[in-house]
Each structure stands twice: as structure tokens, then as C-alpha cells.
Amino acid sequence: MILPLIILYVVTLVYLAITERFRTFASLIGLQGWLLFAVALVRLHAINPAELAFICLETLLFKGILVPGLLFAVIRRTKINRVSRSGSTQSGSLLLSLVALAVSASVTYYIADTTIDLVFFGVAFYSLLSGLILIVMRRRIFSHMVGFLVIENGVFLFSTAIGVEMPLLINFAILLDILISVLMLGIFFTKIDGKLHADDADSLTNVKD
């Protein structure tokens, strides 16, 4: 049952590389939150029930509901709709995403560690690379914020790769995830003036403390 969830998660990462609309970005981040909730429920069923409940609650409420809701609120506030005025970055992002997928599969293939779930490791590594691609290839700050959220989801998957043996590691990863996400979203709301509208990365030089 867990394999279809992982495959669907990989599909969302590929789609993030080619989509141009911010509402699609927010929807995909929400979908990833629900997928991580399902993965945690299936993958970590053997750990302490209280810890499992905390992990599932965080993934469902925070990743699946709260963060997407905040992203949609950002979209409504700034009235931004698209990543760029043209689709010139789509082909390059897709190519880099496929290369990242191949690299992740290759690195995972050469890892021989029985304590690590290699499927989770490969997908987590691909998630990290996908987040970096979003940050590098897209100019608008909203895209960078989504890229950081994707990287955090990758960190969560890394922790679940060995989570059955070390559940405390997942709790630390979740707390770090919540802290960084709240800080990022808070900075976005308080420091970036809505009048920037397009909020390109180049415009950050005009933002005053």
C-alpha cells in the first residue's frame, strides 16, 4: 500500500517542476502533506501510539491543512498568479528534475545499509534536490518558499527512513520542520510589502527592516 503513496509523491515533485500557477503550487504542497500523513500512518504503525498520534497530527494539521491555507492566503494578499510571465523555465526545470530523479536513484542504488529503507531514502533525496531546483530556477519569492517546504518534506522522509528504529529522530525533525516553516511564513507576511506584487528575488534589495 505504501508504494502507490511514494509514487504519487514523486509525481507531485515532477509536477512542481513544470507548473506555472501558484495555486497549483499550494495545492500540491497540501497534497504532499496528506501523502506524508498516510505514509507516517502506514510506515510507523509499530512505534509508540502516543508518538504515532503526534506525528500523524503534525503531518495532517500542519502540512496538510495549515501550511496550504497560509499559502493560499499569501496568494490572495499579493494577488500573484504565475511563476513568471512566460513558460521559459518549464523545460529547464523539468530536465533538471528528471536528472535529479536519476541521480537520486543512482545514489540509492549504491547504498548498502540494512537499517535504512532505501525507497524512502531515494525519494527523500529527490525531494531535497527538487526543492533546490525550485529555489534556483524560479525568481519569485513564493517559489523559493515552496522550495524550502519541499526540502522540509524531504527531511521528514529521511527521518522516516529509519524512523521505526529511532522514532525520537522523527520528533526532532517535526519540531524543526514546524519552527522553520513558521519562521519562513512569518517573515514573508511581515517583511515583504504587498506593493511589490510580483515579489521577484531582485526586489528584496528594496525591502527595508
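The table that follows gives values for the structure above.
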item: Residue list for the stretch 80-93, filter: at pLDDT 65 or above and either at positive phi or open to solvent by less than 60 Å² (accessible area, probe 1.4 Å) (or both); result: 80, 92, 93
item: Failed criterion for residue 28 (all others in (1) modelled with pLDDT under 85; (2) open to solvent by less than 50 Å² (accessible area, probe 1.4 Å) hold); result: (1)
item: Qualifying positions in the stretch 94-146 - outside any helix (DSSP H, G or I) and surrounded by fewer than 19 Cβ atoms within 10 Å (Cβ to Cβ); result: 110, 111, 112, 113, 114, 115, 116, 139
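The values are calculated or read from the model by the stated rules, or taken from the named source; none is laboratory data. Please read these numbers as outputs of a predicted model, since none were measured by experiment. Every residue, glycine as well, gets a Cβ built from its backbone with ideal geometry; the counts of neighbours run over all protein chains shown. Note: accessible area is taken over every heavy atom of the protein model, side chains too, but ligands, DNA and RNA are not part of it. Shrake-Rupley method; radii C 1.70, N 1.55, O 1.52, S 1.80 Å.
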